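Just below is one structure, and these are the notes that go with it.
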Amino acid sequence: MAEILVLVEHVDGAVKKVTLELLTLARSLGSPSAVWAGPGYSADAKSKLAEYGAEKVYVADSAEIADFVVAPKVELLAQLVSSASPAAVLVAATAEGKEVAGRLAIKTDSGVITDAVGLGDGFVAEQSIFGGGVNVRSKVAKGTPIVAVRPNSTAPEPSTGAAAEEQVSVSLSDAAKAARVVERVKQEKGARPELAEAAIVVSGGRGVGSAENFSIIERLADTLGAAVGASRAATDAGWYPHQFQVGQTGKTVSPQLYIAAGISGAIQHRAGMQTAKTIVAINKDPEAPIFELADFGVVGDLHQIVPQLAEEVEKR
Ligand code: FAD
């Protein structure tokens, strides 16, 4: 079976959920090989990768890889593309993953597809383009297909793989050492899931009305185990931090469930959330454009509906 490389996303040695999704997707197309770059590899990481079907794990766990930004991962993958001739390379369509994908395409003289929300036979990708305004099916026509897949596009399913380990060393070029990491600032980790990876997102917009009122959005999110998002109107008003902005100039999310409360549904907001599997809109204006997109809509005042919804969920 054709080998498919999957770049592992990990934090503090733990494999991130998006990698399990990519392994699941890769299994439907060939034989997945995980590529671990940077320190932190452990028996736990290996068994997690095995549990989701990695037949092989390429391990390049030198500390040096983490000393430089993005480029070492690209050099490692380029080396593996040359030595293993995989059928495709899958990375997560995160900010870093997309940069890796673009640079790798240049380095290997291959085509790249970003923001894929599905990948089928012949590596034909479903892709969300033009700020999410259009969905197209695309295929790489040159070199090794490099595909950046959005988190939450595939449901991760376990299936045992051999996870045969192969140590790889990568000697970094001077170009790869051009930007050195000087400091890592740990983001405060709340109890909520990471926005870009969350399976459920509850977002608030201008209709929320104030920073204080975002507590009702947070409460609903917490009852659902969801992440909190916000429209740009809400972040620009200073009601919620910019890092939680969803949309063209914010984060792109593809959760199973997206709840938009007091958000009109501007094209720039849609760009960041319209590939969500199920969209629920709560808006007092029945003509709000978000209802064109929503699978379920509630017309009414979010200040009443959101707390009622949280209460109902808490009862269950
Ligand atoms: P509004 O459009 O003002 O909508 C508020 C909604 O709340 C209305 O539909 C109203 O009926 C409803 N409402 C009010 N009160 C209540 C209530 N009590 N109960 C229920 N509903 C209520 N926007 C983003 O979100 N993300 C981006 O990344 C982004 N990038 C942009 C990039 C560019 C270059 C530009 C030009 C714009 C960008 N925008 C972005 C802004 C975007 O165009 C909209 O202005 C923004 O999304 C509007 O946010 P909103 O829906 O919260 O506010």
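None of the figures in this text is laboratory data; all of them are computed from the coordinates on show. All values derive from a computational prediction rather than experimental measurement. Counting neighbours? That spans all protein chains shown, and the Cβs are built from the backbone with ideal geometry, glycine included.
Observations on the structure shown:
- Region 73-202: antiparallel DSSP beta bridges as a percent of all, rounded to 5: 55 percent
- Exposure rule at most 16 other beta-carbon atoms within 10 Å, DSSP loop GluC sites (Glu not before Pro): the chain longest free segment: 1-182
- Ranking of Leu23, Leu49 by count of other Cβ atoms within 10 Å, fewest first: Leu49, Leu23
- Region 87-165: translational diffusion in µm²/s, Stokes-Einstein, Kirkwood Rh over Cα pairs, 25 °C, 0.890 mPa s: 186 µm²/s
- Per-residue HN-Hα couplings for region 173-181 [Karplus 6.51, -1.76, 1.60; θ = phi - 60°; Hz; x = Gly/Pro]: 6, 4, 4, 5, 9, 5, 10, 9, 6
- Cβ-based exposure ranking for Thr114, Thr249, in which fewest neighbours within 10 Å come first: Thr249, Thr114
- Nearby lysines by direct alpha-carbon distance to Lys73 (threshold 20 angstrom, same-chain neighbours under 8 apart not counted): Lys16, Lys17, Lys46, Lys56, Lys98, Lys107, Lys177
- Cα-Cα separations in the chain greater than 24 Å, expressed as whole percent: 55 percent
- Kirkwood Rh and Cα Rg combined as Rg/Rh, region 126-217: 1.06
- Sorted fewest first by neighbouring Cβ atoms within 10 angstrom, Met273, Met1 come out as Met1, Met273.
- Hits among aspartates and glutamates - C-alpha to C-alpha of Lys142 under 14 Å, sequence gap 8 or more where chains match: Asp109
- Hz values of 3J(HN,Hα) by residue in region 228-233 - Karplus curve (6.51, -1.76, 1.60), Gly and Pro given as x: 9, x, 8, 7, 5, 4
- Cα-Cα pairs of region 171-232 separated by more than 21 Å (percent): 44 percent
- For region 64-101 and region 114-171, distance of Cα centres in Å: 13 Å
- Distance from region 240-316 to region 16-33 (C-alpha centre basis), Å: 29 Å
- Charge dipole of the chain (Cα centre as origin; +1 on each Lys and Arg Cβ, -1 on each Asp and Glu Cβ, all else neutral): 380 debye, rounded to the nearest 20.
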